[in-house]
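This report refers to the structure that appears directly beneath it.
The values are calculated or read from the model by the stated rules, or taken from the named source; none is laboratory data. In this text, all values refer to a predicted model and were calculated from it rather than measured experimentally. Cβ placement follows ideal geometry from the backbone for every residue including glycine, while neighbour counts extend to all protein chains displayed. SASA here: full protein model, heavy atoms, side chains in, ligands and nucleic acids out. Shrake-Rupley method; radii C 1.70, N 1.55, O 1.52, S 1.80 Å.
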Amino acid sequence: MANVGKLQELGKGTVLIVDDDKSFSWSLCEALKDAGYNALASSSSRECMSKISETPIDVVLLDLKLGAEDGVSVLKRIRKDFPEVAVIMITAYGDIPQAVECMRSGAFNFITKTAHRESQTFFATVGNAIESSLSRRRDRLHKQELRRFYDTEEIVGRSEGMLELMKKAQRVAESPSSTVLIMGETGVGKELLARFIHDKSPNSEGPFVALNCSALPENLLESELFGYEKGAFTDARMLKKGLFEVADRGTLFLDEIADMHLRLQAKLLRAIESKSFRRVGGTQDISVNTRIIAATNKRLRIEAQEGRFRLDLFYRLSVVPLEVPPLRERREDIGPLMDHFVAHFNKELGKSVRGCSPDAMQRLLTYDWPGNVRELRNVMERAMLLETDDLVLPHHLVLEPVRRGVRAQESEGEEGAQYASSQAPHEGTESEVCSLAEAERRYILKALKLSNNNKTKAAQLLGISRQTLRTKLKEYAKERSDSSEASDAGEAEP
Ligand SMILES: Nc1ncnc2c1ncn2[C@@H]1O[C@H](COP(=O)(O)OP(=O)(O)OP(=O)(O)O)[C@@H](O)[C@H]1O
Ligand SMILES: [Mg+2]
């Protein structure tokens, strides 16, 4: 992170004294320099503003009565134009009430002119002001750093979980020989993260090659990975390089690694450990410098413990495990992601959608996102593609009505070594299915509950008119009274 260096350069603080009493400024400057600070002096507001824009000043010691000028207006200008600079007002003893007023206008503190300038209190005040200015600067650099991450890599995320993950990914990217295992539910952004690691690695100029291990039968996957020699089998009329070789000095991304056949897993492990392999039908070892990033939406440890995945390969891959959290566990990211996709699809579809209405946003924020970021992307694309409004409204959002699938965390140890949810929800059993009318009734009740019985809001959530909602509720009330009458009648029967 380049800016960390910049932060360190900020080093010991620089203080600017602004006072028209030059001998006073001079003696204060000397006292500060003796204490190890950089100190500068200026005698007018104009000089003060130009010094701040030329030199990185941390603290301004500003005279409240700057000759004919009013120190308070200078204070306000500094606060407005250079919000990271801390200002300490210098005041005569009798002006303390005015100095207190200055603190309301953003002064960090004040000192009196008569105070002993070499006293501990004086230096403590200056020291604290420098610390506060540095911390504001650090915050800004940190935010810039994050923006740099996200804006260039298009990985959007402000949540604690994503920030931690990105930091870890950045570190692992820097050592191009380490193997990385990325885990997480479907659609959380595993491939995006793999590309980020490649882009940040010293081998970013090299190729990034992705291979989905579940897409090919075993023998085809083997020749895809390792290539074959001419004549290795009947159809091998020419030598073919495998992706291991193609991705030399770059990254080979092995998606859905859990689906790789056990025999091939052994071959992969050998290739990773020895950094060499043989083509199918070959007799010579070929050395490569390919970084492997593997990804899976299964709980690989469980797969390994239950014998469906080689334990030794699991250990080899999980030297640096990265787990991308599901979207429902980082709801702070939904807003920024929504903005990102609105901007993206505005460009792609030539639209000028401004964003989501508050109610639509509420729907996005409360939904569980079984398909994670990919699902959010699809929902936004569909909403923007079909609608003509410049604001996305609740009824534009087509969300999966029933959350199916079992979270892996809840089902560990059972056959479900799969992470939560999936694009392909499990088939379910007949008993899980209810009639459409019943599903509709449940959803209406849920929407009412979510909106604290506010019918307008509930109707918006459901994407129906308030009138339709009222008609439905009347029907339910009628059904209820009919059925209670029927049961009352039933009880009356002998
Ligand atoms: N943090 C993010 N910021 C912006 N876009 C994202 C983010 N995470 C995911 N996406 C987008 O969501 C979609 C799915 O991401 P990706 O393919 O990386 O997920 P995945 O975890 O590999 O999914 P699968 O398990 O189904 O292969 C992509 O279009 C990707 O660009
Ligand atoms: Mg993927």
Revision key, fill the gap. In the range 220-255, anything charged (D, E, K, R) and in a loop (DSSP other than H, G, I, E, B) is listed as Glu229, Lys230, Asp235, Arg237, Asp248, Arg249
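Quick check on my filter: what residues within the range 210-226 are among the acidic types (Asp, Glu) and either within 16 Å of ligand 1 (Cβ to nearest atom) or not assigned by TED's automatic domain parsing to the domain that holds Arg279 (or both)? Walk me through it before giving the result.
Filtering the range 210-226 for residues among the acidic types (Asp, Glu) gives 218, 222, 224.
None - no residue of the range 210-226 is among the acidic types (Asp, Glu) and either within 16 Å of ligand 1 (Cβ to nearest atom) or not assigned by TED's automatic domain parsing to the domain that holds Arg279 (or both), so the list stays empty.
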Review point. Taking helices (runs of 4 or more DSSP H) that fall entirely within the range 297-394, which contain at least 2 residues that are within 30 Å of Ser178 (Cα to Cα) and within 25 Å of the chain's Cα centre (by Cα)?
Key: 372-386
Revision key, fill the gap. Pro336 meets each of (1) surrounded by 16 or more Cβ atoms within 10 Å (Cβ to Cβ); (2) under 23 Å from Glu164 (Cα atoms) with one exception, condition (1)
Review point. Restricting to the range 372-391, what's the tally of residues that are at pLDDT below 95 and surrounded by 20 or more Cβ atoms within 10 Å (Cβ to Cβ)?
Key: 2
Check your understanding: Can you name every residue in the range 178-204 that is of a type in the set (A, V, I, L, M, F, W, C), surrounded by fewer than 23 Cβ atoms within 10 Å (Cβ to Cβ) and within 6 Å of ligand 1 (Cβ to nearest atom)?
Key -> Leu192
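Within the range 138-155, is there a residue that is at pLDDT 85 or above and either over 13 Å from the mean Cα position of the chain (by Cα) or in a helix (DSSP H, G or I) (or both)?
Just the residues of the range 138-155 that are at pLDDT 85 or above, to begin with: 155.
Okay, now just the ones that are also either over 13 Å from the mean Cα position of the chain (by Cα) or in a helix (DSSP H, G or I) (or both), so none.
Checked against the condition, which is being at pLDDT 85 or above and either over 13 Å from the mean Cα position of the chain (by Cα) or in a helix (DSSP H, G or I) (or both), the range 138-155 yields no hits at all.
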Study note, to complete from the structure: Per the filter on the range 354-371, residues surrounded by fewer than 20 Cβ atoms within 10 Å (Cβ to Cβ) and aliphatic (A, V, I, L, M) are Met361, Leu365
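Listed here are the residues, each with its yes/no results for (1) of a type in the set (Ser, Thr, Tyr); (2) in contact with a Leu (Cβ under 9 Å, 6 or more places away or on another chain); (3) under 20 Å from Asn289 (Cα atoms).
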| site | (1), (2), (3) |
| --- | --- |
| Ala210 | no, yes, yes |
| Cys213 | no, yes, no |
| Phe226 | no, yes, yes |
| Glu229 | no, yes, no |
| Phe233 | no, no, no |
| Lys241 | no, no, yes |
| Gly250 | no, no, yes |
Revision key, fill the gap. Picked from the range 294-350 (must be out of contact with any Lys or Arg (no Cβ under 8 Å at 6 or more places or on another chain) and of a type in the set (Phe, Trp, Tyr)), the residue nearest to Arg377 (Cα to Cα) is Phe309
Exercise for review: Considering (1) open to solvent by 80 Å² or more (accessible area, probe 1.4 Å); (2) modelled with pLDDT of 95 or more; (3) within 28 Å of the chain's Cα centre (by Cα), say which one Ile293 fails and leave the rest.
Suggested key: (1)
Check your understanding: Filter the range 175-205 for residues that are within 13 Å of ligand 2 (Cβ to nearest atom), β-branched (Val, Ile, Thr) and not in a strand (DSSP E or B); which is farthest from the chain's Cα centre (by Cα)?
Key -> Thr186
